[in-house]
Amino acid sequence: MENRTLGTLAELAGHALDHVTHLPAWSLAAHLVVGAVVVLLQQRMRGSRRFSDWNEFLCTLLWITWTLETSVISFASSNLHGHFYLFLRLLLWPLLSHDACVNPLNSVYLAITEGSLRSIPHRLGIQLVAMVTGLVYSVLCWHVLGNLLSEVHLDFMSSRLSPFLNVTLSEGFLLELTMSFVMYLPRLVMSSGFTCTFVSAVLTCVMILCLEHTTGAFMNPLVALSSSLLWHYSSLSPARVWEMTVVYWIGPLTGTVLVARLDLWMSRQQKLKLHSS
């Protein structure tokens, strides 16, 4: 059974590599450069007073640019390959992030559970600046260099000109709320570490595989917002802005707040049991 599983993973990795090599070299190089710059700056700035802020900015920028690029790779391959890429990113990301939140939902969760709500605006501001920078970088790579775009990129951008949601607003809200809640559940019963990261990555991929109408905002609202701004910037309207607000932000944030409050309640109950004993 284990050999069969390893064989399946190896086959998926081989197909993934085939699809990567079909993308133009400049596109892959442009996003690998961002990763290399992030690693170098992390090493240079480690120990400085502003390291946490710069690390938050750089890691958020890297996550957004890589997500936009790998979404093209996933589009070019099968749905299963796309989930394989996502699983690898979720599994390996903690090794690079150095405790950066990268995600507004992570910022809110940690702020509630650690009692540091005042840190939310500061971190969110850094993440928003990184989002804008990532969008500009992707636009420069894809739109300005349009004559270098592969057919894969062009087909992907055309497919993204469809309506935002394939479900009603209330269904989208409840879907993202539920998925963000489930994604953070492993933190309630496991200490942070590889096991928790692995279980969370598996849950995330299973949910996306089973629920095709998700926008992915439950993983990171900034990425969902970036994708919408990148593909729908010419057709934004008040109605679509409201859709983005409800589904991309209010839904996932509500689920995150609920699970964070549950985490606090469980911690208090555990402390009461210890005191009573």
When the chain is fully extended, how far beyond the present Cα-Cα distance does residue 188 get from residue 117, taking 0.36 nm per residue of separation? 23.6 nm
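For a Förster distance of 30 Å, can you work out the FRET efficiency between the beta-carbons of residue 39 and residue 210, rounded to the nearest 0.05?
Taking R0 as 30 Å, the efficiency between residue 39 and residue 210 is 0.30.
Can you sort 109, 137 by how many other beta carbons sit within 10 Å, fewest first? Let's see the in-between values first.
Numbers: 109 21, 137 18.
Ascending number of Cβ neighbours within 10 Å: 137, 109.
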Förster-model FRET efficiency, 22 Å R0, residue 46 and residue 129, C-beta, rounded to 0.05: 0.55
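Each reported figure results from applying straightforward, stated rules to the coordinates on display, with no laboratory input. Computed from a prediction, not measured in an experiment: that's the story for all the values here. As a convention, Cβ positions derive from the backbone with ideal geometry for all residues, glycine included, and neighbour counts pool all protein chains shown.
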